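One structure is given below, encoded as structure tokens.
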Amino acid sequence: MVKHQPLQVYEKQVFVSFVTGIYGCRWKRYQRSQDNSSRWVCTWFILLCSSFLLLLFWAYFWLVAQNDFNEFNLSVYNRSGEWRDETIPILASTIVCFSYITFLLILALFHISLGQQLNLYWLHKIGVLATLLTTISGVVSVNDIWGDEWGILLISLQSTAPFLHIGVLVTVTAVSWLVAGYVVRRDRTSKYFQVMVLLVYIVTLLAVYLAPLTFTCPCIMDRDSLKPRPDIIGRRGAPMLAPENTMVSFNRALQQGADSLEADVAISVDGVPFLMRDRTLRRTTDVSKVFPARQFDDASLFNWTEIRSLNAGQWFLESDPYWTVQTLTSRDRSRIGNQTVCSLVEMLRLAARANSSALLNIRRPPSEHPRYRSWFMDTLWAVQKAGISQKRVTWTPDTDRGRVRGLQQAANEKLSMEEISRRGITSLTLHYTLTFVFFFSFPREYLANNVSVTVYPVNEPWLYSILWCSGVPSVSSDAPQVLRKVPYPIWLMSQNAYKFIWITSDLVSFSIVIGIFCFQKWRINGMQNCNPEQIMLSAVTRQSSRDVNIMKEKLIFSELNNGLSSTEELSLYPENGYARYSHGAGKS
């Protein structure tokens, strides 16, 4: 019988301790295990991945939805009656949760790479569940309040798809390191599961390689095919720089290069057309202070004298809806603070002086209104009084078209050419979500028949660029000061150039994946061919006692080659850190 008493030396693995400690609160070596993770542990990893993917979708949605943040706040205002910028807490919580889940996912991938069990700490489990449930509730709430906004995701992909494809390709290629390390292991108990993982990965990789075949990107085109730059219409003026539908706002829009002006028109009880977007005067005036008992009344139920007595600029300075007040000078703030509700005549006179045109969204008054039957005549009188050419005024309501002669007729819905000709319509004003549903097949027919198309609201350069590449002639924007800084589409690429980038990136990715699988196969085979006893005995390294932890283990085994017995002890000299064997004879 031969007895071995080796000293087994363990090095301090700082990185492994950091990873397992933060992820699972397993700071000591004996708490870690390289055994296969249980199904319950794998379930938490799946929940972590699900939370990450959902948050990635959620963060991307709010990134592209910046174009309509004001529309979202207005939707919340119409429900609650109080104006607040609800996007700030949503964005802040999204950034915090996404950073937290991404950090945990990175630690989990390190666990897989190092061969450690995925034991998620109970506190992190609560955080993952809370994040997942909060994100799901947010998606449900947005779908209820702002369900029409989901269409911007498909539209944004027509601009970002080529770049997202490269990002996904890099990610899938990097994941091959983990997949290869798992698949090439010689583990008979999980052979079936290894084959399934390999098949899923191959299918995913092929789908990513062929994804560009499904892309429809307007900006992948030759430069010679690019249409002229779309005209910019100041939607309610320049509401990010001054209160909407006020004279200072329309002046700012013209200063920022707007080619035309758009306004919302209502009719007072004494027949004066004035500019107001909301049904009531609560949000954009001080009606709650001047007429507190009537603050919830329809704006058109006030006479012009009462409307003119209201302040229409102080709310902008107080609420700062676009976070732009701090950029204004003291002179601008003083001028804005003294703004009153603007009449239609004042706005049209400004457009006439600037040799510009006007797009009017006229709201028909309620049935109890004294001007219910003559509102269109009041509007025509205001146009004539302003002295602007009727050919420069576009009329958008879809009622009483037969009585309105001379003005340009517009519609807010997609129509066939037969319907457009029958109604005498000369232009379409469409939301960008409707535009992308059919714009790739209809614009030539519209332009050939002198039917103009205006898309709204367009506030972000990426959306303006993709509409430019699509051939849209004009856009209506709350941010003309932003779009004026886009002299050319953000990106433009020819078909041949994109095909070259696509095929080259796929070939490079395929080569890297094959190389990773070969390297992992070679590495695993090399590890499995080593003698475990040799690995144990060679664990003693030439390091000081401060850098290593020493544990004694007794190993007893039988030697069948001879009948002798002896005791072999391994001792460690503290002065130099080297190990030696000492032999002692004895009878069994």
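Per residue, region 231-484 exposes 41 Å² of accessible surface when a 1.4 Å probe is rolled over the protein heavy atoms with every protein chain present. By accessible area, using a 1.4 Å probe on protein heavy atoms only, region 196-270 has 60% of its surface on carbon and sulfur. Extending 7 Å from the Cα toward the beta-carbon at both VAL195 and TRP27 defines two label points whose distance is 4.6 nm. The residues packed around ARG484, meaning those with a beta-carbon under 11 Å from its beta-carbon, carry a net charge of +1 if Lys and Arg are +1 and Asp and Glu are -1. The order of PHE18, PHE291 by accessible area, most exposed first and with a 1.4 Å probe, is PHE18, PHE291. Maximal additional length on extending the PHE500-PHE15 stretch stands at 170.5 nm, based on 0.36 nm per residue less the C-alpha distance. The amide H of VAL453, built 1.01 Å from its N in the peptide plane, has LEU428, SER474 as neighbours under 5 Å, considering only residues 5 or more places off or on other chains. If the chain linking ASN412 and PHE519 were pulled fully straight, counting 0.36 nm for each residue of separation and taking away their Cα-Cα distance, it would gain 32.4 nm.
Taking every protein chain into account, the 1.4 Å probe leaves GLU82 with about 100 Å² of accessible area, to the nearest ten. Each label point was placed 7 Å from the Cα along the Cα-to-Cβ direction; for GLN390 and LEU153 their separation is 4.8 nm. Assuming charge only on the beta carbon of Lys and Arg (+1) and of Asp and Glu (-1), the dipole of region 231-484 about its Cα centre is about 540 debye to the nearest 20.
From most to least packed by mean Cβ count within 10 Å, the peptides 338-344, 235-241, 40-46, 512-518 give 235-241, 338-344, 512-518, 40-46. Backbone amide hydrogens, once placed in the peptide plane, bring HIS431 within less than 5 Å of TYR456, excluding anything fewer than 5 places away on its chain. Under the simplified labelling scheme, the ILE95-GLU368 pair shows an inter-label distance of 4.8 nm, with each label point 7 Å from Cα along Cα→Cβ. Apolar share of the accessible surface for region 346-385: 46 percent from carbon plus sulfur atoms, 1.4 Å probe. What does the charge count near THR285 come to, summing +1 for each Lys or Arg and -1 for each Asp or Glu among other residues with Cβ under 11 Å from its Cβ? With Lys, Arg at +1 and Asp, Glu at -1, the neighbours total +1.
In this view, the solvent-accessible surface of ARG364, computed with a 1.4 Å probe and all protein chains in place, comes to about 90 Å².
Applying 1/(1 + (r/R0)^6) with r as the Cβ-Cβ distance of ILE490 and LEU114 and R0 = 41 angstrom yields a FRET efficiency of 0.50.
Let me check I've understood the local charge: for TRP304, count other residues with C-beta under 13 angstrom from its C-beta, Lys and Arg +1, Asp and Glu -1. What total comes out? Charge balance in the 13 Å sphere: -2. Got a sec? Which residues in region 106-124 would a label at THR171 touch, if it sits 7 Å along Cα→Cβ and we count backbone N under 19 Å? Label zone hits: 106-113.
Say R0 is 60 Å: what FRET efficiency, to the nearest 0.05, do LEU164 and PHE291 get from their beta-carbon distance? Computed FRET efficiency for LEU164 and PHE291 comes out at 0.70. Each DSSP beta bridge with both residues in region 231-484 is either parallel or antiparallel, and the antiparallel ones are about 15%.
The values are calculated or read from the model by the stated rules, or taken from the named source; none is laboratory data. Here the structure is a predicted model, which means the values were calculated and not measured. We place every Cβ from the backbone using ideal geometry, glycine too, and count neighbours over all the protein chains shown. Heavy atoms of the whole protein, side chains included, go into the accessibility calculation; ligands, DNA and RNA do not. Shrake-Rupley method; radii C 1.70, N 1.55, O 1.52, S 1.80 Å.
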